[in-house]
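Let me begin by presenting the structure, written as structure tokens, before commenting on it.
The values are calculated or read from the model by the stated rules, or taken from the named source; none is laboratory data. Model, not experiment: these values are computed from the prediction. Ideal geometry is used to build each Cβ from the backbone, glycine not excepted, and the neighbour counts take in all protein chains shown. For accessibility, only protein heavy atoms count, side chains too; no ligands or nucleic acids. Shrake-Rupley method; radii C 1.70, N 1.55, O 1.52, S 1.80 Å.
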Amino acid sequence: MMSMFSGFYKRSRQDRITLLYKERNLAEENLATLVEDTNLPETVAGKMVENHLGTFSLPFAVLPEIRVNGQSYSVPMVTEEPSVVAAASFGAKIIGRSGGFETYMNKRQMIGQVALFEVENVEKAQEFIQKEEATLLQIANQAYPSIVKRGGGARQLTVEVKEAFLIVYLHVDVQEAMGANILNTMLEALKQPLEAMSQGKTLMGILSNYATDSLVTSRCQVPIANLALNKADATHLADKIAWASLLAQVDPYRAATHNKGIFNGIDAVVVATGNDWRAIEAGAHAYASRDGAYRGLSTWKIEGDNLIGEITLPLPIATVGGSIGLNPKVAASFDMLGDVKAKELAAIIASVGLCQNFAALRALVTTGIQSGHMKLQLQSLALHAGARVEEVADLVAALRKTAHPNLQAAKELLKDLRS
Ligand code: NDP
């Protein structure tokens, strides 16, 4: 069946917005936000940071359709990098034809820690604190009662000895929030009782971004025959993608770039939904090194006639809290997504990461990424050289014919075009 989003990239900006408005039932105010390209109001931006000067723009785009757990989503993306959105759309189309992505998320909790030092008898203190788990969970919950009322709260407390530290880990169900402030408030409340129980000193009490209680897995299965028109080409391509996956498992130089490609997609959605991308990056890179070596977050394997892609990473994505409710574009993003809940959004984001990875690997092992990047790269170059919007197409056409299309060449060609 032909998707209603087919040829989306060829439409005008206005047409794209109208189509999204109709197909995704956007609210009138979000339609206005998109059409008028409304920015963060000064009154709000000025309260979000110190030394506020204004706002900083980045392109706001959409991956028109991706299939996750049998549902079709339009996914907002904020990125400055040419070809990221096009690559994601391409990947989503191919994988969508093969059934899309299936995801799995067991639980969604955040972990915080209180680090104690100069504890006289760490083993004795560890045992005592562990025995007092119920009392300590109660203290944590009393410090943030509203999360308990919402159905969440402190769930578990574990204690470990690491070198000179006695570390108490608190596991909290933070419902729809990312939970930094919820956890930090609870941990503050635990400091004094923990000092009394351990006869030690508190160094700090803080949320951990290594969110191993919020792991999400996304998986896709693409029939190899769907990868190319010709069977031999398709088999060869699947084989090379599997080799590329292996390379990212054994070489950290490749793994870093492999994961950067995944984050081209993930960060774009995380930013568009008002989430804290530093938190997501920090947690995922720590997870990529969990066995002591830094590895690719995704794998691709051939099983029978299929190419199987899989990614697992911590994604404590929020739908409330922080700056999420403040930015009008974020409200439009959530409307586009269909007012998803935190677990559903994490599933979509993991799938976008895997999808982006598929498109990048496919390009890398065939034509290389340069050819795909070129058109958008040349457009950026033309704008950089000072071309007006109406001059960009001609300048890009001229740049295509040059052997080394750099800024110098763009400036000279623009001069020629204008003369
Ligand atoms: P908030 O402090 O904004 O807390 C969540 C808010 O959402 C609360 O006000 C809560 O209300 C409200 N809320 C409404 N509905 C729900 C619901 N269904 N489930 C949960 N909460 C709900 O955000 P976080 O604690 O999530 O902290 C995130 C912010 O902290 C981000 O801006 C992040 O950048 C920042 N941060 C990050 C750190 C890190 O990553 N290490 C460290 C410090 C800050 P109520 O209180 O009434 O329950």
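Sort out which residues of segment 134-154 are open to solvent by 30 Å² or more (accessible area, probe 1.4 Å) and either closer than 14 Å to Gln113 by Cα or in the same structural domain as Gly321 (by TED's automatic domain parsing) (or both), and write them in order of number.
none
Report whether or not Lys93 is within 30 Å of Cys355 (Cα to Cα), within 16 Å of the ligand (Cβ to nearest atom) and open to solvent by 70 Å² or more (accessible area, probe 1.4 Å).
So Lys93 fails the test.
So which residues in segment 365-381 are in contact with a helix residue (DSSP H, G or I) (Cβ under 6 Å, 6 or more places away or on another chain), at pLDDT below 90 and open to solvent by less than 60 Å² (accessible area, probe 1.4 Å)?
Those that are in contact with a helix residue (DSSP H, G or I) (Cβ under 6 Å, 6 or more places away or on another chain), at pLDDT below 90 and open to solvent by less than 60 Å² (accessible area, probe 1.4 Å): Gly372, Leu378, Leu381.
Going by what's in this entry, would Gly274 be described as of a type outside the set (Val, Ile, Thr), farther than 18 Å from Ser218 by Cβ and modelled with pLDDT of 95 or more?
Judged against the criteria, Gly274 is a match.
Assigned to a strand (DSSP E or B) and open to solvent by 10 Å² or more (accessible area, probe 1.4 Å): does that describe Thr257?
Details: assigned to a strand (DSSP E or B): no; open to solvent by 10 Å² or more (accessible area, probe 1.4 Å): yes.
It is false that Thr257 is assigned to a strand (DSSP E or B) and open to solvent by 10 Å² or more (accessible area, probe 1.4 Å).
Of everything in segment 172-206, what is open to solvent by less than 20 Å² (accessible area, probe 1.4 Å) and either in a loop (DSSP other than H, G, I, E, B) or within 16 Å of the ligand (Cβ to nearest atom) (or both)? Give them in sequence order.
Val172, Val174, Ala177, Gly179, Ile182, Leu183, Met186, Leu187, Gly200, Gly205
Only one of Val35, Val84, Val78, Val62 is open to solvent by less than 80 Å² (accessible area, probe 1.4 Å), more than 18 Å from the chain's Cα centre (by Cα) and not hydroxyl-bearing (Ser, Thr, Tyr). Can you tell me which?
From the options Val35, Val84, Val78, Val62, the qualifying one is Val35.
Looking at segment 210-232, is at least one residue part of a helix (DSSP H, G or I), open to solvent by 10 Å² or more (accessible area, probe 1.4 Å), over 23 Å from Arg67 (Cα atoms) and without any contact (Cβ under 8 Å) to a residue 40 or more places away in the chain?
yes
At least 3 residues that are away from the ligand (no atom under 16 Å from the Cβ) in each: list the helices (runs of 4 or more DSSP H) lying fully within segment 117-164 that qualify.
The helices (runs of 4 or more DSSP H) meeting that bar are 122-131, 133-143.
The rows are residues; the columns are (1) under 23 Å from Asn259 (Cβ atoms); (2) buried (at least 20 other Cβ atoms within 10 Å of the Cβ); (3) within 16 Å of the ligand (Cβ to nearest atom).
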residue: Gly309; (1), (2), (3): yes, yes, no
residue: Pro314; (1), (2), (3): yes, yes, yes
residue: Ile317; (1), (2), (3): yes, yes, yes
residue: Ser323; (1), (2), (3): no, no, yes
residue: Ile348; (1), (2), (3): yes, yes, no
residue: Asn357; (1), (2), (3): yes, yes, no
residue: Ala360; (1), (2), (3): yes, yes, no
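It is to be established whether one or more residues within segment 234-248 are within 16 Å of the ligand (Cβ to nearest atom), more than 19 Å from the chain's Cα centre (by Cα) and open to solvent by 10 Å² or more (accessible area, probe 1.4 Å).
Looking for residues that are within 16 Å of the ligand (Cβ to nearest atom), more than 19 Å from the chain's Cα centre (by Cα) and open to solvent by 10 Å² or more (accessible area, probe 1.4 Å), one finds none in segment 234-248, hence no.
Any residue at all in segment 285-292 that's of a type in the set (Asp, Glu), part of a loop (DSSP other than H, G, I, E, B), closer than 22 Å to Thr103 by Cα and open to solvent by 10 Å² or more (accessible area, probe 1.4 Å)?
Keep residues of segment 285-292 that are of a type in the set (Asp, Glu), which gives 291.
Those left that are additionally part of a loop (DSSP other than H, G, I, E, B): 291.
Filter again for closer than 22 Å to Thr103 by Cα, leaving none.
Looking for residues that are of a type in the set (Asp, Glu), part of a loop (DSSP other than H, G, I, E, B), closer than 22 Å to Thr103 by Cα and open to solvent by 10 Å² or more (accessible area, probe 1.4 Å), one finds none in segment 285-292, hence no.
Could you check, for segment 13-22, whether at least one of its residues is surrounded by fewer than 16 Cβ atoms within 10 Å (Cβ to Cβ) and under 20 Å from Val340 (Cβ atoms)?
Taking every residue of segment 13-22 in turn, at least one turns out to be surrounded by fewer than 16 Cβ atoms within 10 Å (Cβ to Cβ) and under 20 Å from Val340 (Cβ atoms).
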